[in-house]
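Undergrad: There's a structure below that I have some questions on.
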Amino acid sequence: MNLDQSIKDPISSADVRKRVEKARERQFDRYQEQVTNAKVSFEILSAKSPLKDHQLKMIRHASSKKQWSNRVQIKIIRLARTI
């Protein structure tokens, strides 16, 4: 979807709500409890959503280059899981 298309066909609040509800259902199925990717422990996140070697390598490379802390790296992994 491009910018022109989103202006012509705005997404309704009801549509957004449905998408959020589906995402929450997937998270419940994944973690077997009412927890979001932002709140689940990193150990559970890693076990349920393991990163592939090339993905870890990309994160390590970017983290080294940008001098990101472990905390920032974990936040990036959480964000990627959410997306």
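Undergrad: Looking only at segment 49-64, count every residue that is part of a helix (DSSP H, G or I) and under 16 Å from Leu79 (Cβ atoms) and tell me the total. Break it down into steps so the answer makes sense when it comes.
TA: Filtering segment 49-64 down to residues part of a helix (DSSP H, G or I) leaves 53-64.
Retained after the next criterion (residues that are under 16 Å from Leu79 (Cβ atoms)): 55-56, 58-59, 62-63.
Result for segment 49-64: 6.
Undergrad: May I pose another question? Would you mind stating whether Arg30 is open to solvent by 80 Å² or more (accessible area, probe 1.4 Å), touching a residue at least 12 places away in the same chain (Cβ under 8 Å) and either aliphatic (A, V, I, L, M) or assigned to a helix (DSSP H, G or I) (or both)?
TA: Against the criterion (open to solvent by 80 Å² or more (accessible area, probe 1.4 Å), touching a residue at least 12 places away in the same chain (Cβ under 8 Å) and either aliphatic (A, V, I, L, M) or assigned to a helix (DSSP H, G or I) (or both)), Arg30 does not qualify.
Undergrad: Inspect segment 11-25 for any residue being more than 15 Å from the chain's Cα centre (by Cα) and at pLDDT below 90 and give the result as yes or no.
TA: yes
Undergrad: May I pose another question? For segment 56-80, name all the residues that are closer than 18 Å to Asn37 by Cα and among the polar types (S, T, N, Q).
TA: Asn70, Gln73
Undergrad: Another question, then. Given (1) in contact with a Phe, Trp or Tyr (Cβ under 9 Å, 6 or more places away or on another chain); (2) open to solvent by 100 Å² or more (accessible area, probe 1.4 Å), where does Ile44 come up short, assuming only one miss?
TA: Just one mismatch for Ile44, condition (2).
Residue by residue, here is whether (1) over 18 Å from Ile83 (Cβ atoms); (2) surrounded by 10 or more Cβ atoms within 10 Å (Cβ to Cβ); (3) in contact with a strand residue (DSSP E or B) (Cβ under 8 Å, 6 or more places away or on another chain) holds:
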position: Ser13; (1), (2), (3): yes, no, no
position: Arg17; (1), (2), (3): yes, yes, no
position: Val20; (1), (2), (3): no, yes, no
position: Glu25; (1), (2), (3): no, yes, no
position: Val40; (1), (2), (3): no, yes, no
position: Lys52; (1), (2), (3): no, no, no
position: Lys57; (1), (2), (3): yes, yes, no
position: His61; (1), (2), (3): yes, yes, no
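Undergrad: Now for a separate question. Among the residues of segment 64-83, count how many are more than 18 Å from the chain's Cα centre (by Cα) and closer than 30 Å to Arg24 by Cβ.
TA: First pass over segment 64-83, keeping only residues more than 18 Å from the chain's Cα centre (by Cα): 64-69.
Narrowing the set further to residues that are closer than 30 Å to Arg24 by Cβ leaves 68-69.
Within segment 64-83, residues that are more than 18 Å from the chain's Cα centre (by Cα) and closer than 30 Å to Arg24 by Cβ number 2.
The values are calculated or read from the model by the stated rules, or taken from the named source; none is laboratory data. Just so it is clear, the structure is predicted and the values come from calculations on it, not from any experiment. Every residue, glycine among them, receives a Cβ derived from its backbone with ideal geometry; neighbour counts consider all protein chains shown. These accessible areas exclude ligands, DNA and RNA; they are computed on the full protein's heavy atoms, side chains included. Shrake-Rupley method; radii C 1.70, N 1.55, O 1.52, S 1.80 Å.
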